[in-house]
Amino acid sequence: MSGDQKHPIKVAANRSGLTSHVIRIWEKRYLAVTPERTETNRRLYTDEDIERLQLLHRLIKIGRSIGQIAQLSTDELRALCREDETASVVLPSPGRSALSGDFEPDDVLDACFQAIDEMDPARLQGALSRASVSLSRPLLLETVVTPLLERIGEYWSDGSLRVSHEHMATAIMRTFLGNMLSDTQMAVVAGQRIAISTLTGQLHELGALMAAVAAGIEGWCVFYLGPNLPTEEIAALVQRYEVSAVALSMVFIDDEGRVARELRKLREFLPGIPLIVGGRAVSSHRQLLQEHGTLVVDDLQHFRRRLAMLPEGRSAKA
């Protein structure tokens, strides 16, 4: 294959079926392709680069992990495609439903990021709405919302996503999750009460909103308190409204001392009340959190299992 002709990233994206953001991430994180650069630092892709991206995309859709195949040669990728596509049997996917036909969560994620890339909030809302019709709420959270927010965070962190794009996407996701929470609470006539928030200085609220939706799906009556709330306010609500559990989302911990003090205060104010903590920060601060009597959860599935294990406590009255 001739590698003389060079193409900009938009052509590579259109031909491969990937978004420009995904191509940049695969290049940076996995060295899947190594495009040339112009004098103004713009990427240029050869025909072979684009074929590699096409092959990688096909293999990812079949179920391969990009981390396991990115370093294979183009010949090895072709052979693996032939092998996988020949051996593939059409089976019901956990991301599909009887209503969705050929619905694929990965396609929704691509559509969402295309909308974010083109700064098109209406298209982003439309893609999420279609997904909400085709998937159950637990699957919607696990196969669309969670990976979408993870991608947004990753691309913003490494500079692939501009702040304006991240803010637009975050605003749409906040509204979408808020509507999901309202829908789940309409179906809760009576249930145990849980308060969900973030501590002072924790400004990122989407993780807390996702936890609120997940708790609502499990039949809990949710007091969603928003982000950046002083411990005294959390404790006052729990005591006044006989709340059975508290869940906190922590994305970044830049001051362990302050977090430790706030957790100690919550423990003093709320002895015997289960305190569940999840979010991106738990993996690197697990010991700190556990030392202060919290129940650490790693993801939404773990959170839902933890809720199911809590003893029956005070409930909202019908």
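Some notes on this structure:
- Within region 20-29, being surrounded by 15 or more Cβ atoms within 10 Å (Cβ to Cβ) and either under 13 Å from residue 154 (Cβ atoms) or outside the structural domain of residue 69 (by TED's automatic domain parsing) (or both) holds for 21, 22, 24, 25, 26.
- Taken as a whole, the condition of being within 21 Å of residue 22 (Cα to Cα), without any contact (Cβ under 8 Å) to a residue 24 or more places away in the chain and of a type in the set (A, V, I, L, M, F, W, C) does not apply to residue 131.
- For region 194-224, the tally of residues that are of a type in the set (Phe, Trp, Tyr) and free of Cβ contacts under 8 Å to residues at least 60 places away in the same chain stands at 2.
- The residues of region 195-234 that are outside any helix (DSSP H, G or I) and more than 17 Å from residue 177 (Cα to Cα), listed by number, are 199, 200, 201, 202, 228, 229, 230.
- Filtering 247, 260 for residues that are closer than 13 Å to residue 199 by Cβ, of a type in the set (Gly, Ala, Ser) and either surrounded by 18 or more Cβ atoms within 10 Å (Cβ to Cβ) or under 22 Å from the mean Cα position of the chain (by Cα) (or both) leaves a single hit, 247.
- Here region 19-34 is the region considered, the condition is being in contact with a helix residue (DSSP H, G or I) (Cβ under 8 Å, 6 or more places away or on another chain) and at pLDDT 85 or above, and the residue that is farthest from residue 67 (Cα to Cα) is 34.
- Selection count, region 117-140, where residues are under 28 Å from residue 28 (Cα atoms), modelled with pLDDT under 90 and assigned to a helix (DSSP H, G or I): 1
- Counting the residues of region 250-301 that are part of a loop (DSSP other than H, G, I, E, B) and not acidic (Asp, Glu) gives 16.
- Listed by first and then second residue, the pairs linking a residue in region 249-272 that is over 15 Å from residue 296 (Cβ atoms) to a residue that is of a type in the set (Ser, Thr, Tyr) and assigned to a helix (DSSP H, G or I), with Cβ atoms under 6 Å apart and 6 or more places separating them unless they lie on different chains, are 262/231; 265/231.
- Exactly one residue out of 44, 72 is over 24 Å from residue 150 (Cβ atoms), touching a Lys or Arg at 6+ places or on another chain (Cβ under 6 Å) and not in a helix (DSSP H, G or I): that is 44.
- Selection of region 112-144 for residues being charged (D, E, K, R) and touching a Leu at 6+ places or on another chain (Cβ under 8 Å) yields only 142.
- Region 27-48 residues that are touching a residue at least 60 places away in the same chain (Cβ under 8 Å), paired with ones that are part of a loop (DSSP other than H, G, I, E, B) (beta carbon under 7 Å, 6 or more apart): 28/158
- Residue check, residue 237 surrounded by 16 or more Cβ atoms within 10 Å (Cβ to Cβ) and in a loop (DSSP other than H, G, I, E, B): no
- Top-ranked residue of region 30-49 - restricted to ones that are surrounded by 19 or more Cβ atoms within 10 Å (Cβ to Cβ) and among the hydroxyl-bearing types (Ser, Thr, Tyr), ranked as farthest from residue 115 (Cα to Cα): 46
- Pairs, first at pLDDT 90 or above in region 181-193, second β-branched (Val, Ile, Thr) and outside any loop (DSSP other than H, G, I, E, B), C-beta under 7 Å, six or more apart: 181/213; 181/222
The values are calculated or read from the model by the stated rules, or taken from the named source; none is laboratory data. On a predicted model such as this, the values are computed, not experimentally measured, just so you know. As a convention, Cβ positions derive from the backbone with ideal geometry for all residues, glycine included, and neighbour counts pool all protein chains shown.
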